[in-house]
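Before any comments, here is the structure.
The values are calculated or read from the model by the stated rules, or taken from the named source; none is laboratory data. On a predicted model such as this, the values are computed, not experimentally measured, just so you know. Here the Cβ is made from the backbone with ideal geometry for all residues, glycine too, and neighbour counts use every protein chain on show.
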Amino acid sequence: MPELPEVEVLVRHLAPLLKNRTVENVLVRRERVIRPTRVPQLKRKLRGAAFRGVSRRAKFLVFNLASASNGKPFSVLGHLGMSGRMYLLPKSAPLAKHAAVVLDLGDDHFIFEDTRYFGRFTLDLSPLESLGPEPLDRSFCSDQLAPALAKSTQPIKVKLLDQQLVAGIGNIYASEALFRARISPKRPARKLKPAQVAALCHAIREVLEEAIRFGSTVPLNFPGGRRSDSLFYYGTQPSAENPRTYEERLLVYDRENHPCVNCSTPIRRIVHAARSTFFCPTCQTK
């Protein structure tokens, strides 16, 4: 599933392409992805509306528009789910089989394509209400994180996936941040010392910023419909279908039995809350 850096890269890609574009018509081919919004409601709201910007909150895309009737701002919430793609395509090009929502922008279509239909493109903004702080905000620091960790008996890896604790941290970057902070993923959250919490905050910001920086070098050539154009994960292996255009940066994730980059100990994999966790048993002592 795309995590915060992948979503941030996509937001930066879409924002200049959509700015000031007007929605002329709306086609919903899979009602499931717009729930609880209804099709007539979405069409009524979007027709004639103009895009003013695209931003990110956690793993969500927030499309900011101005209403056609009164110019008042409103937002549409997007989520890629497990297999979603969002891109612009010339109107003359055929629609993909799994195009769930299509916005007519004049010469182009904005397309939300989702093969599994776990994503969202909806007027319902309620998922944003319970999110924790953004890890890339300047205000994010150990003083903000420590009180919440002190109340939790969960392993720190599991706790980092709690979106009410920190917004946008996913499985890949939780493992990466813990490795850089030299903290065992098994350690109970409340047992982290102040210095460890500070190191973790620094590592979270560092690994996310690095992923965004390198992800921004991936060319998103969506026309042509190649899957690799939109699912730009960090950890996949290069192939003819998915050539690498950036240096691999992951240090532990999906590297089971590979030597640790610091001490050469084989990386281990365990399962936390039905999710794979990768760590170095030497560098990240419990």
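Look through Gly53, Gly71, Gly106 and report the one residue that is farther than 27 Å from Leu165 by Cβ, at pLDDT 95 or above and part of a loop (DSSP other than H, G, I, E, B).
Every option except Gly106 fails the conditions.
Kindly evaluate Ala96 against the criterion of being in contact (Cβ under 8 Å) with a residue 24 or more places away in the chain and not in a loop (DSSP other than H, G, I, E, B).
no
Look through Val33, Val9, Val39, Val54 and report the one residue that is closer than 19 Å to Tyr117 by Cβ and either in contact (Cβ under 8 Å) with a residue 24 or more places away in the chain or among the hydroxyl-bearing types (Ser, Thr, Tyr) (or both).
Residue meeting the stated conditions: Val33.
One line per residue, one yes/no per condition, for (1) among the small types (Gly, Ala, Ser); (2) over 19 Å from Lys72 (Cβ atoms):
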position	(1), (2)
Lys19	no, no
Glu24	no, yes
Glu31	no, yes
Ile34	no, yes
Pro40	no, yes
Lys45	no, no
Ala49	yes, no
Ser55	yes, no
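Scan the range 111-151 for residues that are within 22 Å of Phe63 (Cβ to Cβ) and hydroxyl-bearing (Ser, Thr, Tyr) and jot them down.
Listed by number, the residues that qualify are Thr115, Tyr117, Thr122, Ser126, Ser130.
When the residues of the range 17-50 are filtered to those that are of a type in the set (D, E, K, R) and outside any helix (DSSP H, G or I), which remaining residue is surrounded by the most Cβ atoms within 10 Å (Cβ to Cβ)?
Among those residues, the one meeting the criterion is Arg21.
Go over the candidates Gly224, Gly235, Gly215 one by one and state the one that is modelled with pLDDT under 95 and surrounded by 17 or more Cβ atoms within 10 Å (Cβ to Cβ).
On inspection, the qualifying residue turns out to be Gly215.
Which members of the range 7-43 meet the condition of being closer than 18 Å to Val62 by Cα, of a type in the set (Lys, Arg), within 23 Å of the chain's Cα centre (by Cα) and modelled with pLDDT of 95 or more?
Lys19, Arg35
With the requirement that a residue be surrounded by fewer than 16 Cβ atoms within 10 Å (Cβ to Cβ) and among the basic types (Lys, Arg), what does the range 144-181 give you?
If the condition is that a residue be surrounded by fewer than 16 Cβ atoms within 10 Å (Cβ to Cβ) and among the basic types (Lys, Arg), then Lys151 is the only one that fits.
Residues Ser184, Ser175: which one is under 25 Å from Met1 (Cα atoms), assigned to a helix (DSSP H, G or I), of a type in the set (S, T, N, Q) and at pLDDT 95 or above?
Just one listed residue meets the conditions, Ser175.
Looking for whichever is of a type outside the set (Gly, Ala, Ser), modelled with pLDDT of 95 or more and either in contact with a strand residue (DSSP E or B) (Cβ under 6 Å, 6 or more places away or on another chain) or within 30 Å of Val39 (Cα to Cα) (or both) here; the options are Leu131, Leu149, Leu192. Which one fits?
So the residue among Leu131, Leu149, Leu192 that is of a type outside the set (Gly, Ala, Ser), modelled with pLDDT of 95 or more and either in contact with a strand residue (DSSP E or B) (Cβ under 6 Å, 6 or more places away or on another chain) or within 30 Å of Val39 (Cα to Cα) (or both) is Leu131.
Just a yes or no: is a residue in the range 111-128 surrounded by fewer than 20 Cβ atoms within 10 Å (Cβ to Cβ) and under 24 Å from Arg205 (Cα atoms)?
Scanning the range 111-128, I find at least one residue that is surrounded by fewer than 20 Cβ atoms within 10 Å (Cβ to Cβ) and under 24 Å from Arg205 (Cα atoms), so the answer is yes.
Got a sec? Which of Ser69, Ser92, Ser75 is touching a Gly at 6+ places or on another chain (Cβ under 9 Å) and either outside the structural domain of Ala174 (by TED's automatic domain parsing) or within 30 Å of Asn171 (Cβ to Cβ) (or both)?
Unique residue meeting the criteria: Ser69.
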